[in-house]
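Input: a single structure, listed below in structure tokens.
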Amino acid sequence: MVVLLLAGAFAGQLVHNSYLGTSWAHAMQRCQLERPKGPSVTFIQYNDYLQRCTAPAQHRRALVSLAGALAVAVLGVASLWVLPLRVLRRAGPVTRASDEWQQRTAAAAKDMGINRVPLVVWGSVWLKESFTAGRPGRATIVLPVGVRALPPAQAEALVRHELSHVAVGDVRLVWLTRGVLWALPPVLLVPLAVILTQTWRTSHQTPLTVIGGTFLWEYVIRAALLMIVSVLIAQLVLRSREYEADARSVHGRSAAAMEALLASQPAGRPTWWQRARANHPAASRRVAFLRRGSLPLRIPLVGTAAVGLLSAMALQAVAWLAEDCFTGTPLAGKGRLAAALVAGGLLSASWGVATWHTVIAGEGSAPVPRTSLLVLGTSTALGLLAQVERTGTTDSGTMFGWPLLVTVPIAAAGAGALSVALAGLWARRRRPHRSRWDWTAALCVNVVLFAGALRIGEDTALFLGIMDWRDAFIVNGLYSSAAQTTAVALGVVALSTLWATLRGNHRHEPPGTRHKARAARPPRTWRGVASAIAAGGPVGTMTVSLVAAAAAVAARGAVQPAAAQGSVWMHRIEFDWWSAAGAGCACVLALIAFRGIRGLAEAVYAAPVASFLAAAAMWGYRFAEWARPWEVTRNYAAQPLAQVAFVIVVLAVPAAFLPARRPPRLQRTLPAVLLVAALSTGIVLAVLHAGTRLLL
């Protein structure tokens, strides 16, 4: 629905360009001609002037674009009354069920906690499947007449299934999705009519000449692709909701009646097109789900492709719209951040959390969805190319050029791999019965992961377009304009993961025995600490982190490169940043090398800790040199963490294809400690030996 609304916003932008595009271009040109000139004008002053001058024209374009999205939303909400009536007529003529059926439905609704009881009606003799429709606030359950011949237990199971859709709000969700889907085509046709009319009025070209142009045909093809993908994912949502409705209908009851009802359906072999268009999943899959007792929440590859495609479409559409809205406001320049949050939120809610459900249901033993990660990255690249907003600019690539088709898909797949790794860590460390707060925390962690990764991918593409690829990879970490935002995102994920890890030691303890177990533990001794370190786990991982920080600080203090001597004080600070980042990168490499994807999850909190401790030690050593301590402190904390975040996202994809190794007890920490010490020392010495080649 978000992508469909954004497509309506693009239709509004096309209408703006047809009627008000000339005045907008004149306003932009006037602002450039009247800009302040002279050697005393700074970039900040010039940018402030440009923001104030162009704000009215930009805001007008944003308002017209938002009017297109509003038109889709209004028509979609209006369809909540129109579409159900249309479907009821197609299922009819319908007749009201007897009072006995109404009372049985009311009793089942009361048992399921539904206050407003739906009306039960019979469909025509041609109706084969039951469904629930109706205007908002008054649902109607339509049953085939053959239900009257079913055994009472199976008929009640069918009614409870339809009531489950009402209980969880599926009726409103499904019909609102369909309403927005039906509302978009007429809104997308408005720009076509406007362009034809304006072209005929201004250049006196015939409509046939305009229709033959490449712009309109490209616009139609992109819009058709969007509609096809939207229909497919809408049907996928319909089928996925059937599983939860089955689960709720048999909650606290025997599932025998529901299984018998599903088993009585014909078992044919539908074609792939019939499966894609079906409103319900195959009866055999629903029976297998009821017998297994857990939701099959792993998203199929078609759903993963649709999610990646639509999220990528939303990424740049939101960026353009937000930049227009934010011009001349304190949020100016934050359009890409807003776009990353929106697209990251879509990926998190539709793919990340569902993947966590699957991994946690298997207590961390579920296989890594490597194919799904590849499909997610590939579909993201296709979404960047296929979005409607790119109409007429295909030859120039994406918003940041062709490199974006490589960097953003890698970032999206890397965030997906990190999400899977963290889900496995939470499944192994957290208690088995999770509250709503746990799933809220999981959603927040996924949003930060995907939004931060998408922002890193965009920044990398931006730098690749203006400089050499080696310099781009250097600038994108330590010297990125989004370094502080990236550092905060990594800090949030690291603290959340560390909290879940440290609180996970009592995961299998019975309720009420946690404090007794703590009281019964013997006091910690040096031998106990050494045993805990050797056993791995959070204590061993933090030991690896401490060793990496200590090695980096020692190497930095032992070598003073010529570029950092004398009066160039900024070089000394930059070498400190690189040394602290080297400690975190060494943690990532060592943990992945010894523990595979499990090490990737541990590196999410170990690497930031190592980098932060190393930076703090170097900052304290130079404390007497600081004239502005707060600004220096903020940079010492943020810049190395931004580089570590960049390395984690890049290495996450290959780490997902490594096996999840768990070495023997005596080999869990000591080899990793030795390796991380060597890596940390080697990285810092290499940075110091490189001189100014790595410095801004």
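Each value in this text was obtained by applying a stated rule to the coordinates, not by laboratory testing. No experiment lies behind these values; they were computed from the predicted model shown. Positions of Cβ are generated from backbone atoms using ideal geometry, with glycine treated the same way; all protein chains shown enter the neighbour counts.
Counting only DSSP beta bridges with both residues in the chain, what percent are antiparallel, rounded to the nearest 5? Don't skip to the end; give the middle numbers.
Details: 5 of 9 bridges.
Bridges in the chain that DSSP calls antiparallel: roughly 55 percent.
Hey, can you rank 576-585, 236-245 by average C-beta count inside 10 Å, highest first?
576-585, 236-245
Suppose the chain between V220 and A616 were pulled fully straight at 0.36 nm per residue; how much longer would it get relative to their current alpha carbon spacing?
Values: separation 396, 0.36 × 396 = 142.56 nm, distance 5.67 nm.
In short, 136.9 nm is gained.
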Hey, what's the per residue convex hull volume over the C-alpha atoms of the stretch 83-168, in cubic angstrom?
86 Å³
Given the rule -39500 (n - 2.57) for each run of at least 4 DSSP H residues, summed and divided by the residues of the chain, what is its mean residue ellipticity at 222 nm, to the nearest 500 deg cm²/dmol?
-24500 deg cm²/dmol
Surrounding net charge for C53, when Lys and Arg each add one and Asp and Glu each subtract one, Cβ distance under 15 Å:
+3
Mean Kyte hydropathy of 0.5 or more with a Cα span along the axis of at least 30 Å, helices from DSSP in the chain
2-33, 43-91, 170-203, 214-249, 301-326, 404-429, 436-464, 537-558, 569-595, 597-621, 629-656
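Can you give the Kirkwood hydrodynamic radius of the chain from its Cα pairs, in Å with one decimal?
This gives a value of 28.7 Å.
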Rg and Dmax in Å for the stretch 112-160, alpha carbons only: what are they?
11.4, 32
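First measure r as the distance between the Cβ atoms of R634 and R89, then evaluate 1/(1 + (r/R0)^6) with R0 = 60 Å and state the FRET efficiency to the nearest 0.05.
Efficiency at R0 = 60 Å is approximately 0.40.
Quick check on the exposure proxy: order C444, C325 from fewest to most C-beta atoms within 10 angstrom. Let's see the in-between values first.
Details: C444 14, C325 20.
Ordered from fewest to most neighbouring Cβ atoms within 10 Å, C444, C325 come out as C444, C325.
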Charge context of A67, other residues only, Cβ under 14 angstrom, K/R +1, D/E -1
+1
Quick check: Cα centre of the stretch 311-338 to Cα centre of the stretch 66-142, how many Å?
39 Å
If Lys and Arg each add +1 and Asp and Glu each add -1, what is the summed charge of the other residues whose beta carbon sits under 11 Å from the beta carbon of A7?
0
